[in-house]
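Quick notes on the structure that follows.
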Amino acid sequence: MEYRRELARAVGGEVHAFEMLSEAEARELIELFHAARDNEGRALRRAIDAALTAMPVSLRKVTRRIIFGS
């Protein structure tokens, strides 16, 4: 039942369809969910780096500071 609870936390609430999943299916789904989230984070970092690389060197540091703080 632990994987079903983790799925509910990951999506922000109870989803009744999760109760129909076996523990193995729920585990696989949560692993896929985490992998997709990690992949999205990596893709976002690559896109940000590519955008900043396209800027003049003198503006990169200040732009990164404006966007992300400190």
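The values are calculated or read from the model by the stated rules, or taken from the named source; none is laboratory data. Everything quoted here is computed from the prediction, not taken from an experiment. No Cβ is skipped: glycine too gets one built from the backbone with ideal geometry, and neighbour counts run over all protein chains shown. With ligands, DNA and RNA removed, areas are computed over all heavy atoms of the protein, side chains included. Shrake-Rupley method; radii C 1.70, N 1.55, O 1.52, S 1.80 Å.
Structure notes:
- The residue that is least open to solvent (accessible area, probe 1.4 Å), among those in the range 19-28 that are part of a helix (DSSP H, G or I), over 19 Å from D38 (Cβ atoms) and among the aliphatic types (A, V, I, L, M), is A24.
- Of the residues making up the range 1-18, those that are open to solvent by less than 90 Å² (accessible area, probe 1.4 Å), farther than 29 Å from F68 by Cα and without any contact (Cβ under 8 Å) to a residue 24 or more places away in the chain are R4, A8, G13, V15, A17, F18.
- Residue count, the range 30-70 (criterion: among the β-branched types (V, I, T), more than 28 Å from R9 (Cα to Cα) and surrounded by 11 or more Cβ atoms within 10 Å (Cβ to Cβ)): 2
- Count of the range 49-70 residues which are outside any helix (DSSP H, G or I) and either touching a residue at least 60 places away in the same chain (Cβ under 8 Å) or among the aliphatic types (A, V, I, L, M) (or both): 2
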